[in-house]
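Student: Take this structure first; my questions come after.
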Amino acid sequence: MLGQILGDYELQQDIGRGPSATVYTARQHPVERYVAVKVFEPQPREVTTRLKDLYAQIERLDHTHVLPVYAEGRWQDRHYWDLRYMPAGSLKTRLSKQRLTLEEIDQVLPQIASALAYAHGHGLIHGDLKPTDVLLDHAGQAFVADFGTAAALGRSATTFRAPEVWRGGAPDMRSDVYGLGAILYEVL
């Protein structure tokens, strides 16, 4: 899909791939800024409807540590979201290169917890929190991404899955607390 034009976005580089979506850096015209565009694999109509509803919920969130989602759209048979581009990458990427210092952990964990608490206060559960869902900027500030997408797509990561989800329950606030604890374990 590199080089494709999706509305105002020219896809330039594949920066992340999962089972249900691929994230690209893209140049947005005519404002000439770089963004990340998450292009979902073709989905049944009911899943696409859930993604549109989820986008509407996320778009209303206004918190320093929740990754902004600027716009959504449809290209051919795929749904996509325009997100803030985070060139420093994810917490997982950072941990694969270098451990966090205790000072960095003391900075990042409260930021993640604050983003979760804010989203919970607005009725939104992440449901699948893991280090790839925490993006970092060049100053080391954390931004939580992908709120609710696992549930909307009917997917969940196995490594960080909360016990109640393993037992077949739906993700809830406890699932997010479990994910935060698992991230704490990883960074320590």
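The values are calculated or read from the model by the stated rules, or taken from the named source; none is laboratory data. The shown structure was predicted, so the numbers you read here are calculated from the model rather than taken from an experiment. Because the Cβ atoms are built from the backbone with ideal geometry, glycine has one as well, and the counts that use them run over all protein chains shown. Please note that ligands, DNA and RNA were not included when accessible areas were found on the heavy atoms of the full protein model with its side chains. Shrake-Rupley method; radii C 1.70, N 1.55, O 1.52, S 1.80 Å.
Student: Determine, yes or no, whether THR25 is polar (S, T, N, Q), more than 17 Å from ALA150 (Cα to Cα) and assigned to a loop (DSSP other than H, G, I, E, B).
Tutor: So THR25 does not fit the description; no.
Student: Every residue in region 3-19 that is under 19 Å from the mean Cα position of the chain (by Cα) and part of a loop (DSSP other than H, G, I, E, B), please.
Tutor: Listed by number, the residues that qualify are GLY18, PRO19.
Student: Give the residue that is most open to solvent (accessible area, probe 1.4 Å), with candidates limited to residues of region 140-188 that are within 27 Å of LEU100 (Cα to Cα) and among the acidic types (Asp, Glu).
Tutor: Among those residues, the one meeting the criterion is GLU186.
Student: Regarding region 58-70, can at least one residue be identified that is in a strand (DSSP E or B) and either in contact with a Leu (Cβ under 6 Å, 6 or more places away or on another chain) or open to solvent by 60 Å² or more (accessible area, probe 1.4 Å) (or both)?
Tutor: Within region 58-70, one or more residues are in a strand (DSSP E or B) and either in contact with a Leu (Cβ under 6 Å, 6 or more places away or on another chain) or open to solvent by 60 Å² or more (accessible area, probe 1.4 Å) (or both).
Student: Taking interchain pairs and intrachain pairs at least six residues apart, which have beta carbon atoms under 9 angstrom, with the first residue in region 78-91 and closer than 25 Å to LYS52 by Cβ and the second among the polar types (S, T, N, Q) and in a strand (DSSP E or B)?
Tutor: ASP82/GLN28; TYR85/THR25
Student: What are the residues in region 128-139 that are in contact with a helix residue (DSSP H, G or I) (Cβ under 7 Å, 6 or more places away or on another chain), assigned to a loop (DSSP other than H, G, I, E, B) and within 19 Å of ILE15 (Cβ to Cβ), if any?
Tutor: Scanning region 128-139 gives a single hit, LYS130.
Student: Tell me, which residue of region 71-87 that is part of a loop (DSSP other than H, G, I, E, B) and of a type outside the set (D, E, K, R) is farthest from LEU135 (Cα to Cα)?
Tutor: GLN76
Student: Looking at (1) surrounded by fewer than 19 Cβ atoms within 10 Å (Cβ to Cβ); (2) assigned to a loop (DSSP other than H, G, I, E, B), which one does THR93 not meet, given that it meets all the others?
Tutor: Going through the list (1) surrounded by fewer than 19 Cβ atoms within 10 Å (Cβ to Cβ); (2) assigned to a loop (DSSP other than H, G, I, E, B), THR93 breaks only (2).
Student: Select from region 34-52 the residues that are touching a residue at least 12 places away in the same chain (Cβ under 8 Å) and open to solvent by 30 Å² or more (accessible area, probe 1.4 Å) and list them in ascending order.
Tutor: TYR34, GLU41, PRO42, GLN43, ARG50, LYS52
Student: Buried (at least 19 other Cβ atoms within 10 Å of the Cβ) and outside any helix (DSSP H, G or I): which single residue out of ILE112, ILE125 fits that description?
Tutor: Exactly one of ILE112, ILE125 is buried (at least 19 other Cβ atoms within 10 Å of the Cβ) and outside any helix (DSSP H, G or I), namely ILE125.
Student: I'm told ALA151 meets every condition in (1) more than 14 Å from VAL108 (Cβ to Cβ); (2) outside any helix (DSSP H, G or I) except one. Can you identify the failing condition by its number?
Tutor: Among (1) more than 14 Å from VAL108 (Cβ to Cβ); (2) outside any helix (DSSP H, G or I), the lone unmet condition for ALA151 is (2).
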